[in-house]
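Values in this text are rule-based calculations from the coordinates and carry no lab data. Remember, it's a predicted structure, so these values are computed and weren't measured experimentally. Here the Cβ is made from the backbone with ideal geometry for all residues, glycine too, and neighbour counts use every protein chain on show.
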Amino acid sequence: MAKNKKPVLKTSNSQYIETEALNSLTFDFYQRCFKKLCLSMFEWVDLPKGMDARFLEEVLYYNGLATLLYTEKFGFINTASTPSGNLNIYGLPTSINCFSYGFSEIRKLYTGLANEEAKKTDCILVLNCQDKESTFSSMETFAYRMYKAERSADININSTKSPIVILADEKTKLSMINAYAKYDGNEPVIVGKKGQFNLDDINSIDTRAEFIADKLQDYKKGIWNELLTFLGINNLNEKKERMVTEETNQNNEVINLNLQSFLIPRKKACEQFNELFGTNISIRVRSDLTNTIKRMESIVNDFTPTEIEGEVIENDNK
């Protein structure tokens, strides 16, 4: 599986180690946050014993491809996969390398001919989305943008706390760095040796830094809403009186189309698996949100209709 890419350059200068660590921690935080969101979007229903829905979604998140199959040794399992062999007329691999921890086997792609031989030799290909791409690479881009905005806000807050550039000669440089580190660490009193600083040799420049951290927070909200739209999750957070029905419908249409890109290939895999093995597995969205697809696929059934802004939607009756 793919590994996280750090967005910072490493340096041998020890004074930047703490900053580098905070950069990496911030980037990793958003990556983990987005991954948890992605892995919680769908619920696999009635999977046979031996299959693991969490691992299935994790494989799709990182690799974009997964397989469902039956083996004599393990029974029903789900694995990661890579194409093996030629492509058929629809651009899908005719053979697939199904692999996991302690397991690797090349299987034929199921083509719709359900028979006893196919049950032993074929596998069902599960696509993460319509374009067969992983979600990880996109989430990494969003995490990088959020990391940049978050750290920029941190820097801006620090610059408004102490909006100065300190000028000192080489003899007092280290002492000034240590003194500023204490100031930046919110120490109430900074104690130095008598004669440690010659005030005549120390100058400062007021940078007149403007406070923009609040604007960066709004920028982060925009990235967050863009992320949710990409995943097909409702994210309109404007006040209702500022929205019109047409704008709401347009946004919901984009959200629904993005959601379908993830949902349709999963439903297709369920249909093929049921054809081949006579099972009744299905996939549904873990959401109560009120756009069209989510009303159809929601795991929550006890809704009552309510009219808001001239549009009938469904709300939880609890």
Check which residues have an amide H placed less than 5 Å from Asn78's amide H, if you skip close sequence neighbours.
Asp52
Calculate the spin-label point distance for Asp131 paired with Ser40, positioning each point 7 Å from the Cα along the beta-carbon direction, and give it in nanometres.
2.6
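Provide Val254, Val59 in ascending order of the number of other Cβ atoms located within 10 Å of each residue's Cβ, fewest first. Each step should come with its number before you reach the end.
Working: Val254 12, Val59 23.
Lowest to highest Cβ neighbour count: Val254, Val59.
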Estimated inter-spin distance, Asp28 and Thr141, nm [label 7 Å along Cα→Cβ]:
2.5
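Given the pairs Lys221/Lys267; Lys49/Lys268; Lys119/Lys268; Lys36/Lys220; Lys35/Lys148; Lys221/Lys268, which are separated by over 24 angstrom at their Cα positions? Write out the running numbers ahead of the final one.
On the way: Lys221/Lys267 32 Å; Lys49/Lys268 20 Å; Lys119/Lys268 17 Å; Lys36/Lys220 19 Å; Lys35/Lys148 18 Å; Lys221/Lys268 34 Å.
Listed pairs above 24 Å: Lys221/Lys267; Lys221/Lys268.
Sort Ile281, Ile17, Ile96, Ile124 by Cβ crowding within 10 Å, fewest neighbours at the top. Working shown, then result.
On the way: Ile281 19, Ile17 12, Ile96 27, Ile124 24.
In increasing order of surrounding Cβ atoms, one gets Ile17, Ile281, Ile124, Ile96.
Give the shape of region 45-87 as rounded, prolate or oblate, defined through the alpha-carbon gyration tensor: a ≥ b ≥ c are the square roots of its eigenvalues, a/c under 1.5 means rounded, and otherwise the shape is prolate if a/b is larger than b/c and oblate if not. Present the calculation step by step, with values, prior to reporting the outcome.
Details: a/c = 2.59, a/b = 1.27, b/c = 2.04.
Note, shape of region 45-87 comes out oblate.
Please give the FRET efficiency for Thr19 paired with Arg54, using the beta carbon to beta carbon distance and R0 = 51 Å, rounded to the nearest 0.05. Mind showing how you got there, number by number?
On the way: r = 35 Å, r/R0 = 0.69.
Once the sixth-power term is evaluated, E becomes 0.90.
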Neighbouring Cβ atoms within 10 Å as the yardstick, rank Glu57, Glu117 fewest first.
Glu117, Glu57
